[in-house]
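Below is one structure, written out as structure tokens, with a few remarks after it.
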Amino acid sequence: MKAPYKFVVMICVLLLLALGFLNSVHTVSAAGGAKVTGTAKLAGTAPKQKTIDMSKEPSCAQIHASSPVTTEAVVVGPNNALKNVVVYVSEGLDAAAASQVPSQPNTITQKGCQYQPHVIALDINQKLQVVNGDATSHNIHPLPKINHEWNKSQPPGAPPFTEAFSSEEVPIPVKCNVHPWMRGYFVVVKGPYAVSDDNGSYTLDVPPGNYTLTAWQETYGTQTQKVTVAAGKPATADFTFKAK
């Protein structure tokens with residue numbers, strides 16, 4: 001009985017060591033995480049956005065009857081906060097961090113004859129879920145120069161479908177062939193990304209390290225900034241775009 005008993009004890013010890021190793025790896029990974037926070041702003045007077053005429057699609061025009069929709073090329077909030085700016089790591093990521101793909105898809109919804117959100121960021125090979133939330137047919141037609149072009153229609157009530165892009169591309173314009181005023185952008189990157197909100201704020205989760213960040217805005221183009229990120233100490237990177 002002694003030999004089997006020693007064998008069982010040995011197995012138990014090995015399992016405990018293995019579990020301890022896995023837990024230590026997880027703890028190091030969590031403790032090593034870091035963040036970059038910042039804002040995107042516009043210096044100067046924002047261009048006036050044009051009102052969109054949706055009268056040719058009454059179901060959508062009715063949705064916006066009390067608040068007409070405007071174009072979204074430059075969306076400015078309080079204190080000249082700039083919305084829809086994509087911030088991502090363009091240099092400095094190691095291969096492991098750059099190759100991580102989020103398990104959750106990003107979703108773009110066709111609602112009120114608009115693409116919501118207007119700008120959506122994706123990782124290479126991250127799933128994009130496309131939803132039609134209107135009582136009318138839509139189609140979504142990205143126009144990439146590098147990735148595969150596709151053009152899919154969705155009648156009202158149709159189930160969502162998913163797509164993905166296999167290469168980095170900043171940006172990919174998106175249009176609807178049914179409603180010509182529907183415009184948006186996909187930004188496909190490799191690694192962590194963030195999109196500025198109504199207050200121009202963003203948060204980027206990255207491992208500690210030295211990076212070059214790129215901020216892209218559909219009207220004003222790109223800016224870059226170098227940043228050093230330490231574990232447990234969020235770094236700050238603010239971007240200011242000059243009005244034309």
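Between S59, S66, which is more than 27 Å from K242 (Cα to Cα) and either under 22 Å from the mean Cα position of the chain (by Cα) or assigned to a loop (DSSP other than H, G, I, E, B) (or both)? Explain how you work it out, then say what you get.
On the way: S59 fails: either under 22 Å from the mean Cα position of the chain (by Cα) or assigned to a loop (DSSP other than H, G, I, E, B) (or both).
Residue meeting the stated conditions: S66.
Screening the stretch 79-122 for residues that are touching a Lys or Arg at 6+ places or on another chain (Cβ under 6 Å) and more than 29 Å from Q49 (Cβ to Cβ) and picking the one that is modelled with the lowest pLDDT gives A98.
When only residues in the stretch 235-244 that are under 12 Å from Y202 (Cβ atoms) and of a type outside the set (V, I, T) count, which is surrounded by the fewest Cβ atoms within 10 Å (Cβ to Cβ)?
So the first thing to find is which residues in the stretch 235-244 are under 12 Å from Y202 (Cβ atoms), and the list is 236-239.
Subset that is of a type outside the set (V, I, T): 237-239.
Values: A237: 21, D238: 13, F239: 24.
Result: D238.
Just to verify a result, which residue in the stretch 144-176, among those that are of a type in the set (S, T, Y) and outside any strand (DSSP E or B), is farthest from V85 (Cα to Cα)? That would be S166. As a summary of the residue check, Q126 satisfies the conditions (1) surrounded by fewer than 16 Cβ atoms within 10 Å (Cβ to Cβ); (2) assigned to a loop (DSSP other than H, G, I, E, B); (3) not assigned by TED's automatic domain parsing to the domain that holds W216 except for the one numbered (1). The conditions of being outside the structural domain of Q223 (by TED's automatic domain parsing), within 25 Å of S59 (Cβ to Cβ) and in a strand (DSSP E or B) are met by T107. Within the stretch 118-143, residues that are closer than 23 Å to S90 by Cβ reach partners that are buried (at least 22 other Cβ atoms within 10 Å of the Cβ) and polar (S, T, N, Q) with beta carbons closer than 9 Å, at six or more positions or on different chains, in the pairs H118/N84; V119/N84; V119/Q217.
The values are calculated or read from the model by the stated rules, or taken from the named source; none is laboratory data. No experiment lies behind these values; they were computed from the predicted model shown. Methodologically, a virtual Cβ is constructed for each residue, glycine included, from the backbone with ideal geometry; neighbour enumeration extends over all protein chains shown.
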